[in-house]
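Data first, discussion second: the structure below is written as structure tokens.
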């Protein structure tokens, strides 16, 4: 049951953040979708990557990253005195968001696409990870209802 909870939480939270990124991108007319930004970087690094393979890499990276993050959260929740509460979800989202901003900052800085204005990208990215962590809390609470 734990593995199912982790996988569902990772899938749902990642999908919710994808929808949030699409909304923010359309609302503000900017590229805030992580898979598209990653695809832009991949196309600059490996010009021989087919569009189909690039899309698989984009989405695969996103969902595997989500699974990895949920696994980290789950490990902390099961091996410490920290419980999956709204407060811990908010704190985890802030920490994960700051880590993501740092990772993407270096990725942009050392890639060829660094000329694009990505400073506007960091705030929605940060908010996305808070939404991600809170979505994981929702799924964990729903699973708690059935135990």
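Does residue 92 meet the test of being out of contact with any strand residue (DSSP E or B) (no Cβ under 9 Å at 6 or more places or on another chain), surrounded by fewer than 17 Cβ atoms within 10 Å (Cβ to Cβ), modelled with pLDDT of 95 or more and closer than 26 Å to residue 3 by Cβ? Break it down stepwise before answering.
On the way: out of contact with any strand residue (DSSP E or B) (no Cβ under 9 Å at 6 or more places or on another chain): yes; surrounded by fewer than 17 Cβ atoms within 10 Å (Cβ to Cβ): no; modelled with pLDDT of 95 or more: yes; closer than 26 Å to residue 3 by Cβ: yes.
Taking the combined requirement at face value, the residue does not satisfy it.
Looking at (1) over 10 Å from the mean Cα position of the chain (by Cα); (2) more than 19 Å from residue 124 (Cα to Cα); (3) in a helix (DSSP H, G or I); (4) touching a residue at least 40 places away in the same chain (Cβ under 8 Å), which is the one condition that is false for residue 67?
Going through the list (1) over 10 Å from the mean Cα position of the chain (by Cα); (2) more than 19 Å from residue 124 (Cα to Cα); (3) in a helix (DSSP H, G or I); (4) touching a residue at least 40 places away in the same chain (Cβ under 8 Å), residue 67 breaks only (1).
Residue by residue, here is whether (1) modelled with pLDDT of 80 or more; (2) part of a helix (DSSP H, G or I); (3) under 28 Å from residue 6 (Cα atoms) holds:
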site	(1), (2), (3)
96	yes, yes, yes
101	yes, yes, yes
106	no, yes, no
114	no, yes, no
124	yes, yes, yes
132	yes, yes, yes
143	yes, yes, yes
147	no, no, yes
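Quick one: in region 77-89, which of the residues that are out of contact with any helix residue (DSSP H, G or I) (no Cβ under 6 Å at 6 or more places or on another chain) and surrounded by 14 or more Cβ atoms within 10 Å (Cβ to Cβ) is farthest from residue 144 (Cα to Cα)?
88
Among the residues of region 62-76, which ones are surrounded by 14 or more Cβ atoms within 10 Å (Cβ to Cβ) and closer than 17 Å to residue 16 by Cβ?
Correct list: 62, 63, 65, 66, 67, 69, 70, 73.
The values are calculated or read from the model by the stated rules, or taken from the named source; none is laboratory data. Here the structure is a predicted model, which means the values were calculated and not measured. In this analysis, Cβ positions are derived from the backbone assuming ideal geometry, glycine residues included, and neighbour counts consider all displayed protein chains.
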